[in-house]
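**Student:** Take a look at this one; I'll ask things after.
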Amino acid sequence: MPRIVSLIASATEIVHALGLGGYQVGRSHECDFPQSVQSLPVCTAPKFPVSGSSQEVDEKVKDTLRQAVSVYDVFDGVLERLEPTHIITQSQCEVCAVSLRDVERAVSAGLSSKPRIVSLQPNSLPDVWNDIKDVSEALDIARRGHELIETLKSRMQSISERALLDQGRPRVACIEWLEPLMAAGNWVPELVEMTGGVNLFGEAGKHSPWMNWDQLVEADPDIIVVMPCGFGMKRTAEEMYWLTNSSQWPTLKAVRNHRVYVTDGNQFFNRPGPRLAESLQILAELLHPSAFKPELMGTGWQPFH
């Protein structure tokens with residue numbers, strides 16, 4: 001029987017969607033869905049407090065990376081006690097989650113269980129499907145992985161087809177960090193296009209780019225969707241002053257037309273796993289309110305006025 005340690009929140013969700021949640025024995029400090037995983041031993045921690053404003057968190061991350069090779073600690077002793085057969089991590093972003101290098105350092109310290117390391121690299125939506133395939137194959141349930149991928153693809157295609165039938169192609173700015181400003185990249189531009197929007201910033205399959213106020217004002221988006229990495233809706237709403245304090249904020253079309261939305265980036269848009277289907281549903285509800293009922297309002301998104 002496998003003994004799985006997942007050190008990335010999206011991988012934990014993949015493991016559970018594949019029906020192997022009962023074999024997960026450890027998690028990262030960020031793994032919190034499904035709720036049952038919160039009782040599992042925690043194997044990692046950030047090297048700095050993650051409280052504080054967007055600007056303060058950004059400064060702490062950059063300062064830590066200048067002084068060290070990682071912003072996370074991996075608890076070798078906990079891993080040794082858990083005797084994992086598989087450790088799932090990622091090599092996509094050393095800021096977003098524990099990296100392959102962190103895990104290799106821990107394993108090289110001599111874990112007696114000699115676990116297999118499964119490293120995910122989700123830069124785009126096709127990469128997410130490939131990650132699900134890799135996890136399922138590593139755990140010897142390749143057919144189940146294929147079925148999950150096809151189910152998710154079918155569900156997302158259905159949402160996309162409905163969205164594309166609606167009139168209009170709203171121009172959308174997805175903001176992944178508030179101070180300094182960062183646009184959403186990777187799979188988010190793909191989700192915007194699938195829901196009939198014109199993505200203004202960030203490229204599919206590429207890391208999220210920094211942006212500035214002049215770019216935002218010049219683009220003058222029809223819709224602004226705010227999805228800071230690691231933030232839920234409450235914390236995002238509390239941080240919106242980084243935008244609203246700008247003298248240019250009231251001039252934006254999206255602001256004047258009340259088309260600014262706060263989302264739970266942490267639970268949805270920042271997690272390249274099965275719940276990207278819900279992320280697509282959120283965008284469909286925001287971009288096409290006449291065609292989609294606001295089913296995820298209050299849990300995945302809320303209007304910002």
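**Student:** Output yes when any residue across the range 18-34 is touching a residue at least 24 places away in the same chain (Cβ under 8 Å), open to solvent by 60 Å² or more (accessible area, probe 1.4 Å) and charged (D, E, K, R), and no when none is.
**Tutor:** The answer is yes, given that some residue of the range 18-34 is touching a residue at least 24 places away in the same chain (Cβ under 8 Å), open to solvent by 60 Å² or more (accessible area, probe 1.4 Å) and charged (D, E, K, R).
**Student:** Those residues that are in a loop (DSSP other than H, G, I, E, B), over 15 Å from the mean Cα position of the chain (by Cα) and of a type in the set (A, V, I, L, M), I need them from the range 1-18; list them, please.
**Tutor:** Met1, Leu18
**Student:** Let me ask you something else. Restricting to the range 141-161, give me the number of residues that are without any contact (Cβ under 8 Å) to a residue 60 or more places away in the chain and more than 19 Å from the chain's Cα centre (by Cα).
**Tutor:** Within the range 141-161, residues that are without any contact (Cβ under 8 Å) to a residue 60 or more places away in the chain and more than 19 Å from the chain's Cα centre (by Cα) number 10.
**Student:** Taking the condition of being open to solvent by less than 10 Å² (accessible area, probe 1.4 Å) and not β-branched (Val, Ile, Thr), how many residues in the range 273-286 meet it?
**Tutor:** Step one: of the range 273-286, the residues open to solvent by less than 10 Å² (accessible area, probe 1.4 Å) are 273, 276-277, 279-280, 282-286.
Filter again for not β-branched (Val, Ile, Thr), leaving 273, 276-277, 279-280, 283-286.
So the count comes out to 9.
**Student:** Tell me, yes or no, whether the range 116-136 has at least one residue that is surrounded by fewer than 19 Cβ atoms within 10 Å (Cβ to Cβ) and β-branched (Val, Ile, Thr).
**Tutor:** yes
**Student:** Can you pull out the residues in the range 252-271 that are of a type in the set (D, E, K, R) and either touching a residue at least 24 places away in the same chain (Cβ under 8 Å) or crowded, with 21+ Cβ neighbours inside 10 Å (or both)?
**Tutor:** Selection gives Lys253, Arg259, Asp264, Arg271.
**Student:** Also, I was wondering about something else. Evaluate the following for Pro289: is it under 30 Å from Glu150 (Cβ atoms), open to solvent by 50 Å² or more (accessible area, probe 1.4 Å) and not polar (S, T, N, Q)? Show your work before the answer.
**Tutor:** Details: under 30 Å from Glu150 (Cβ atoms): yes; open to solvent by 50 Å² or more (accessible area, probe 1.4 Å): yes; not polar (S, T, N, Q): yes.
So Pro289 passes the test.
**Student:** Restricting to the range 187-240, give me the number of residues that are within 19 Å of the chain's Cα centre (by Cα), of a type outside the set (S, T, N, Q) and assigned to a strand (DSSP E or B).
**Tutor:** So the count comes out to 5.
**Student:** Moving to a separate point now. State which residue pairs qualify: first residue touching a residue at least 60 places away in the same chain (Cβ under 8 Å) and inside the range 76-88, second residue part of a helix (DSSP H, G or I) in any location, beta carbons under 7 Å apart, and separation of 6 or more residues or different chains.
**Tutor:** Qualifying pairs under 7 Å: Leu79/Ala106; His86/Ala138; Ile87/Val103; Ile88/Ala11; Ile88/Val135.
**Student:** Going by what's in this entry, would Val172 be described as in contact with a helix residue (DSSP H, G or I) (Cβ under 9 Å, 6 or more places away or on another chain), surrounded by fewer than 16 Cβ atoms within 10 Å (Cβ to Cβ), within 27 Å of Ser247 (Cβ to Cβ) and β-branched (Val, Ile, Thr)?
**Tutor:** No, not satisfied.
**Student:** Here's something else I'd like to know. What are the residues in the range 292-305 that are of a type in the set (A, V, I, L, M, F, W, C) and either within 30 Å of Gln90 (Cβ to Cβ) or open to solvent by less than 40 Å² (accessible area, probe 1.4 Å) (or both), if any?
**Tutor:** Matches in the range 292-305: Phe292, Leu296, Trp301.
**Student:** Still on this structure, please answer the following. Restricting to the range 19-39, give me the number of residues that are part of a loop (DSSP other than H, G, I, E, B) and under 21 Å from Glu83 (Cβ atoms).
**Tutor:** Going through the range 19-39 one residue at a time, the tally reaches 4.
**Student:** When only residues in the range 202-240 that are in contact with a Pro (Cβ under 7 Å, 6 or more places away or on another chain) and crowded, with 22+ Cβ neighbours inside 10 Å count, which is nearest to Ala183 (Cα to Cα)?
**Tutor:** By that ranking, first place goes to Gly202.
**Student:** A follow-up question, please. Of everything in the range 140-160 that's open to solvent by less than 20 Å² (accessible area, probe 1.4 Å) and touching a Leu at 6+ places or on another chain (Cβ under 6 Å), which residue is nearest to Ser91 (Cα to Cα)?
**Tutor:** Met156
The values are calculated or read from the model by the stated rules, or taken from the named source; none is laboratory data. Values in this document were obtained by computation on a predicted structure and should not be read as measured data. With ideal geometry, Cβ positions are generated from the backbone for all residues, glycine too; neighbour counts draw on all protein chains shown. Please note that ligands, DNA and RNA were not included when accessible areas were found on the heavy atoms of the full protein model with its side chains. Shrake-Rupley method; radii C 1.70, N 1.55, O 1.52, S 1.80 Å.
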